[in-house]
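The values are calculated or read from the model by the stated rules, or taken from the named source; none is laboratory data. Just so it is clear, the structure is predicted and the values come from calculations on it, not from any experiment. Positions of Cβ are generated from backbone atoms using ideal geometry, with glycine treated the same way; all protein chains shown enter the neighbour counts.
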There are 2 protein chains.
Amino acid sequence: MSAQSWLTHLQTNGYRLTGARRAVISTIATSTRPLSPAEVYEAARAEYPGLGLVTVYRTIEKLEKLGLIQRVHKPQGCQAFITAANGHQHLLLCQICGSTLLFSGDEMEQLYQDIAEQTGYIVRDHWLQLFGICSQCLEGQHV
Amino acid sequence: MSAQSWLTHLQTNGYRLTGARRAVISTIATSTRPLSPAEVYEAARAEYPGLGLVTVYRTIEKLEKLGLIQRVHKPQGCQAFITAANGHQHLLLCQICGSTLLFSGDEMEQLYQDIAEQTGYIVRDHWLQLFGICSQCLEGQHV
DNA sequence: TTACTTGCAAACGTTTTGCACGATT
DNA sequence: AATCGTGCAAAACGTTTGCAAGTAA
């Protein structure tokens, strides 16, 4: 999903299109790694200097509610956001550069069935995240 | 791992055994659901009334460093802790009562291999969490 | 006795709220 | 013109730090 479609998505849901929102949206939509509210604020001010940090928080809240972005959980913290995954996609995060990649993991349905049988739970949702090192970082340095 | 073995584990690593630590440890070790520092503080004061919140934070920090507890990530927040998983275990959380269960998921190695091939990443770690409803809650109410 | 541990108070960083002004529709 | 959105300031919240007194070893 592109930044442009986020804007129409916002509009369709009764929200107004403002310079502040355009800046926040294009910042998150074009980033290859998760950004915290403070990082979004920092970066988006290049595009919209009058931007306030509070507006970043409020815009992120709306984008998350609309399902356009999602929070990324890492050992170091859980304040950062990226473009939301489509359906049954999962995250792959580079531990060096922080870049993130989405991949499909529908092979996992069988696992959930097995677990449900073993535990008596109904499984309704799942989070899967892989941590590793991306090909670019592998080239650049020894680990 | 029992609360008792946590204590000897602490002692082996040069830490002292105190009333405050015993209370924090037994609180987390016997809980069936993740507890936040504030919740640990609240519950552990029943056993050790003089306990301070700061000590809870400091004890949690040490227990996490020793690998005895782990942080649990949920959509509602990531401040809660439970007994750490053994090796390749994953979490299953009840969305109603909050109780947590650990299960083994070594079937996933093949998936990681596939992803690594497809993306060029080296996969070094993974998080898998399932959310659902436990058998007790299924009995008790309609969802 | 010595070094570690504690609780209190204060500091800190992040996130939220109240409000009057400004902008979009 | 009406409503929604904004930035500022202040408040609220969770967490961390400094320190003097207390305690385990």
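Annotation: of all residues in region B:71-99 being touching a Leu at 6+ places or on another chain (Cβ under 8 Å) and surrounded by fewer than 20 Cβ atoms within 10 Å (Cβ to Cβ), the one that is farthest from the other protein chains (Cβ to nearest Cβ) is B:N86.
Annotation: of all residues in region A:48-63 being touching a Pro at 6+ places or on another chain (Cβ under 9 Å) and more than 8 Å from DNA strand D (Cβ to nearest atom), the one that is nearest to A:L7 (Cα to Cα) is A:I60.
Yes/no per residue for (1) surrounded by 14 or more Cβ atoms within 10 Å (Cβ to Cβ); (2) away from DNA strand C (no atom under 13 Å from the Cβ); (3) closer than 16 Å to B:E61 by Cβ; (4) among the aromatic types (F, W, Y):
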| residue | (1), (2), (3), (4) |
| --- | --- |
| B:G14 | no, no, yes, no |
| B:V24 | yes, no, yes, no |
| B:I28 | yes, yes, yes, no |
| B:A43 | yes, yes, no, no |
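If the condition is being among the polar types (S, T, N, Q), within 7 Å of chain A (Cβ to nearest Cβ) and exposed (fewer than 14 other Cβ atoms within 10 Å of the Cβ), then region B:119-143 contributes only B:S135. In region A:55-62, the count of residues that are closer than 19 Å to B:L128 by Cβ, away from every other protein chain (no Cβ under 14 Å) and touching a strand residue (DSSP E or B) at 6+ places or on another chain (Cβ under 9 Å) is zero. Take B:F131 and decide whether it is under 22 Å from B:T30 (Cβ atoms) and of a type in the set (F, W, Y). Considered against the rule, which asks whether it is under 22 Å from B:T30 (Cβ atoms) and of a type in the set (F, W, Y), B:F131 comes out as no. Checking the condition within 14 Å of DNA strand C (Cβ to nearest atom), surrounded by 19 or more Cβ atoms within 10 Å (Cβ to Cβ) and away from chain A (no Cβ under 14 Å), which residue from B:L51, B:L35 passes? The match here is B:L51.
Meeting the requirement of 1 or more residues that are more than 12 Å from the chain's Cα centre (by Cα) and in the same structural domain as B:F131 (by TED's automatic domain parsing), the strands (runs of 3 or more DSSP E) wholly within region B:21-99 are B:89-94. Condition first: in contact with a strand residue (DSSP E or B) (Cβ under 9 Å, 6 or more places away or on another chain), among the polar types (S, T, N, Q) and surrounded by fewer than 17 Cβ atoms within 10 Å (Cβ to Cβ). Now tell me which residues in region A:100-118 satisfy that. Matches in region A:100-118: A:S104, A:Q113, A:Q118. Being more than 20 Å from A:I28 (Cβ to Cβ) and more than 9 Å from chain B (Cβ to nearest Cβ) is the filter; apply it to region A:100-113 and report the residue that is farthest from DNA strand C (Cβ to nearest atom). Among those that are more than 20 Å from A:I28 (Cβ to Cβ) and more than 9 Å from chain B (Cβ to nearest Cβ), it is A:Q113. Let me spell it out: the conditions are (1) surrounded by fewer than 23 Cβ atoms within 10 Å (Cβ to Cβ); (2) in contact with a Lys or Arg (Cβ under 9 Å, 6 or more places away or on another chain); (3) not aliphatic (A, V, I, L, M), and B:G19 meets all of them except one. Which number is the exception? Here B:G19 meets the rest and fails (2).
Select from region A:14-44 the residues that are near DNA strand D (Cβ under 9 Å from one of its atoms) and not hydroxyl-bearing (S, T, Y) and list them in ascending order. Within region A:14-44, A:G14, A:R16, A:L17, A:G19, A:A20, A:R21, A:R22, A:A23, A:V24 meet the criteria.
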